[in-house]
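What follows is calculated from the coordinates using simple rules that are stated; it is not laboratory data. None of the values given here were measured: they were computed from a predicted structure. Neighbour counts run over all protein chains shown; Cβ positions are idealised from the backbone, glycine included.
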Amino acid sequence: MIRLVLVAVVAYLVGSIPFGFLVGRVRGVDLRTVGSGNIGSTNIYRALGLRVALMVFALDAGKGLVGARLVPLLGAGALSPVYVRFVGALAVILGSVASVFMRFRGGKGVATGAGAFLGVEPLATVIAIALWAALVAISKIVSVGSLAAAAALPFLVAGLSAAGASHNPVFYLALVVAALVFVSHRSNIARLLRGEEKRVGRQRDAEEQK
């Protein structure tokens, strides 16, 4: 049990590393004061451009992968590897959404969640990422892709699991993560319902034309 707690704490701290905020400060921008105020990749794209946004997305996904695959090695022997990775993945995503270094605020958890699920259910995750990319390309709205991918992930995990959903702990993890993504996107959902959600590139294009 002590090892499992250690996995949860370390994974949470890894997830809490606010890469978006740190990169923004290096670039002279406090992301909390621009755009949506979020430190995730979408706001970074609008404030600092695509290249920086992709770098932060990769860093956030990387910490998710570390939390789900490397940190659980600290708990080897505590439980079955699947359950230890479950704890690591959940803790690293929680750290991303509610960072202890950011007064329990953070990003939306999408990039970190993608990295974590690559470590526990890679095929389902790749399909979900492809769905996200397709919907963002079609709608030009990042939140549409994120919400759809999060909603689809539990079904993908269940459909690809030989053990079936009820015997696969990753299925329940996918349900929890989907709920976290929807909660963290509640303001986006409100804007979508009002038809006010910003499209990718529109703000930067307007700024560049000034």
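A few remarks follow.
- Taking the chain and dividing mean pair separation by its residue count, relative contact order in percent (alpha carbons under 8 Å, at least six apart): 21 percent
- Region 87-137: C-alpha gyration tensor shape, a/c 1.5 cut-off, then a/b vs b/c: oblate
- Classification of region 131-188 by its C-alpha gyration tensor yields an oblate form. The axis ratio a/c (a ≥ b ≥ c) is 1.5 or more, and b/c is at least a/b.
- Label reach from I189 (point 7 Å along Cα→C-beta): in region 134-149, amide nitrogens under 17 Å belong to 142-149.
- Shown for the chain are the DSSP H helices of 20 Å or more along their axis, judged by Cα atoms, with a mean Kyte-Doolittle hydropathy of at least -0.5: 2-16, 50-65, 81-97, 122-139, 142-160, 169-184.
- Gyration tensor (alpha-carbon) shape descriptor, the chain, a/c threshold 1.5: oblate
- Stretchable slack from S161 to M1, in nm (0.36 nm times residue separation minus alpha-carbon distance): 54.9 nm
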